[in-house]
Structures are given as C-alpha cells and as structure tokens.
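The values are calculated or read from the model by the stated rules, or taken from the named source; none is laboratory data. Remember, predicted model here, so these are calculated numbers, not experimental data. Reconstructed Cβ throughout: ideal geometry from the backbone, glycine too, with neighbour counts over all protein chains shown.
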Ligand SMILES: Cc1cc2nc3c(=O)[nH]c(=O)nc-3n(C[C@H](O)[C@H](O)[C@H](O)COP(=O)(O)OP(=O)(O)OC[C@H]3O[C@@H](n4cnc5c(N)ncnc54)[C@H](O)[C@@H]3O)c2cc1C
C-alpha cells in the first residue's frame, strides 16, 4: 500500500518536500490556507500595471544548487535565466560612477586578483579582511567579524549581505553571512551567475510543481487552513481544518508542517521560532527597459538597491524596508521612480506602477533570532517541520526553503524505513 503524507503549506518549502516524496511514490495531500500556491514566492495579475508581476523580485545564484535541482525536478530549470558570465553592473547614484564586477566563470574566486574585474578602488587586502566571515559562528555579529566601512563594504559587501540577510549587515549573523559567502563569492564565478524567473515565479517555480504533483495523483486543496493538530501518544493522529473538516492520520502516515513561524507556533504551542521579521519593498513600473538594460543592476547611494529589467517592466527591490512600510504609496513610488530614472538612464513621468510591501518578508537574520530556529524533527514521530525559518544554516531564501523541504522529506522516508 502507498504511504501517505500530508503537507501543510504550499510555499516553496512545502512544494519541494511534496515533489521529493511524490517521486518516492508516496501519496501526497497538500493543504494550503490561501487560494494560491507559492506563499512568499508567487505571481499574480496586477490591475494597476496590467501586467503579471511577482510579489517580489527573486534573485537566485547558480550556486543555489538545491534550488536549481528543485527546478530541474519539476522541468523548469531552463526558466531560470541570466547572463552567461557572473557579471554585475553597478551604479553609485551619489557620484554617478558606474562599474562592473566580473566574477568570471571559474570555480575559484580568482577575480579578486584582477584589478580590472574587482570593485574599483579596492585592493587584495580589502578582500582578505573578509576571511573571518568564512568560519564565523552564527552567534557573532557581522559587524564584529569584518570591517563594515570602506569602499569594498559600500560597493559590494553591504549590497550583497543586505540582500541575503534582509537586515543592516553589521547587525546580521556572521555565520549566516559566512554561509552565503562560502557558497557564492568564495566558490568563484561559476556559483555566482544571477538567475531570474523571467516568466514569473509562479510559472517557473510553483505551477509546474503543482502540475507534477497532480499528475502523480496528489491532492492539492486551497482554502484549507490547518487549525489544529490532534496528538496521541507520540504521534499526530488527526488534522483539523477550518470549517470543521477533519482528517484522520493513519499509523503509517506522516505530516510535514511547512507554514511560516507564527502559524507553526500557533499549531505547536511551546515551539520556539523566530519572532521578529523584516519587510522587503518592491516597486514595479510599466516601462519598456532600454535595449541595452542589464537584467539586474546593483544600485548604491540611493533609495533603491537593485533594478530588474523584465519585458515591459522595470522593477525595484529594497530590503530591510521597515522604514518604508508606512510611507504614503504615491510618495514612495515617485521617490523610487526618480532613482530608477537615474540608475537605468531613462526619463519620463511616473508610469503605471505598483508597490508591494511584504511586511514579514523574512525573519530577522540576527544572531538572536537565528538561535530560535528549530530543526526539522519534533517530539512527534510522524511530524516534521520545513520552512525557510527552520534551522537550515542559511538566511531566509529559496535555497534554504528547498533544503528544508528536502530535509523534511528525507526524514519522512527515514522514519518509514526505521
Ligand atoms: C519580497 C520578497 C523578496 C524575496 N527575495 C528573495 C530573493 O531574491 N532570493 C531568495 O532566495 N529568496 C527571496 N525571498 C525569500 C523567499 O521568498 C522565501 O524564503 C520563501 O518563499 C519561503 O518559502 P516557505 O515555503 O518557507 O514559506 P512561505 O512562502 O511563507 O509558505 C508558507 C505557506 O503556508 C501557508 N500556510 C500558512 N498557515 C497555514 C495553515 N495553517 N494551513 C495551511 N497553509 C498555511 C501560507 O499561506 C503559505 O502559502 C524573498 C521574499 C520576499 C517576501
């Protein structure tokens, strides 16, 4: 008889667990509270711009090997596109200076030895000063591990770590920052090619997973919020959903909880989880990017941090965006548009726009919050946790989500064997 697993939450963590278990021939039931899969990584049709947009621009790097393997497993790796070489154009809005960081295509960070490829006005010793990050512990602050000032910091370390940690880098966990640096910058250009789901996050990372699951006989229920776990002895014995809908969990069945930390804590009282979050602000402008526009442009010295060029659209990401969540929307759109004009070299009145402010985009990647991340194993033998906020060793990213989903799936398989 086929084994059965219930996956709660259809974000990337839940979907990656579901796909892995479906491929191991388990019968899958996915339960998602909202009407759409994808969680914090989703697309939708936006009437303000008349375009399908993502809730947030998501950047992957070619070194995100679990995320890439997930895309491969659902047949959409080719939908993650980017330049052939790991090149990152930057502009400093304060000075107008432009440069390109060229990380090449090696497996080693040889670019640091080449003055023409590294950040302008930096020397080898500046890069060597970043070494303590590589072995830093998670409870150390970035600000205590490396110098958080100077040209290299302003032009590379700050933008990179801000994007990865979603906190002001000096207050971030050095161990989490180190994990990102080890898997990307230190692994050479081969691991740093930027990749974007050009046709949208849902089309590339979400819908194909749902289709694969359904083709394998899985059920995917939307509007199906788990309200209570029924426990008996050391196992989950039943699931209670909204609308008095209940599911009995058989002696060989398993459950994976892949919901955000607040929902997980409500379902499992006493569970320690991160409790502080940071916002990410995205702005989308209906505007044809100039023909030579790079797919992604790093910006320093302004309000915006990254400008993404999509067909018919210029989009902006601002991390650690709590200071912007209460700003009047039109004022914010205008301020961002001014930066976009300077950065992308375009001009014009504010085009059709949309601002998406994800207030709880990620948990705060600080040492204190990182210490609250639980592992995937629980006190109940058939219940496992997944989510970017579980203890993945990475900040809250797609790569971390996929790893957490894979890990939960592997534990389900191991519990069955044991
Ligand atoms: C604006 C923004 C930009 C980002 N940029 C990047 C980036 O550039 N690169 C990158 O790698 N990562 C980025 N991230 C992070 C990435 O999106 C997340 O790490 C990832 O999507 C988290 O997936 P998850 O499955 O762990 O959680 P979620 O996506 O939160 O999924 C959890 C799901 O559980 C559902 N749920 C909740 N409670 C219940 C319940 N009781 N019953 C049933 N279902 C429930 C939710 O509705 C949701 O669908 C970004 C995030 C945001 C918000």
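The table that follows gives values for the structure above.
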read-out: Selection within the range 17-41 - near the ligand (Cβ under 8 Å from one of its atoms) and over 19 Å from residue 226 (Cα atoms); value: 41
read-out: Number of positions in the range 236-267 that are within 11 Å of the ligand (Cβ to nearest atom) and part of a loop (DSSP other than H, G, I, E, B); value: 3
read-out: Complete set of residues in the range 59-85 that are at pLDDT 95 or above, in a loop (DSSP other than H, G, I, E, B) and away from the ligand (no atom under 14 Å from the Cβ); value: 74, 75, 76
read-out: Qualifying residue in the range 343-352 (condition: within 25 Å of residue 82 (Cβ to Cβ) and surrounded by fewer than 17 Cβ atoms within 10 Å (Cβ to Cβ)); value: yes
read-out: Residue count for the range 7-21, restricted to those that are crowded, with 24+ Cβ neighbours inside 10 Å and more than 15 Å from residue 222 (Cβ to Cβ); value: 6
read-out: Extreme residue, nearest to the chain's Cα centre (by Cα), among residues of the range 1-16 that are away from the ligand (no atom under 11 Å from the Cβ) and part of a loop (DSSP other than H, G, I, E, B); value: 3
read-out: Filter pass, residue 179 being at pLDDT 95 or above, in contact with a helix residue (DSSP H, G or I) (Cβ under 8 Å, 6 or more places away or on another chain) and either over 17 Å from residue 299 (Cα atoms) or in a helix (DSSP H, G or I) (or both); value: no
read-out: Answer from 385, 394, 413, 314 - the residue that is surrounded by fewer than 19 Cβ atoms within 10 Å (Cβ to Cβ) and either over 19 Å from residue 278 (Cα atoms) or not assigned by TED's automatic domain parsing to the domain that holds residue 50 (or both); value: 413
read-out: Residue among 260, 289 that alone is under 25 Å from residue 381 (Cα atoms) and either assigned by TED's automatic domain parsing to the domain that holds residue 386 or at pLDDT 95 or above (or both); value: 260
read-out: Residue list for the range 375-418, filter: assigned to a loop (DSSP other than H, G, I, E, B), more than 22 Å from residue 67 (Cβ to Cβ) and within 16 Å of the ligand (Cβ to nearest atom); value: 378
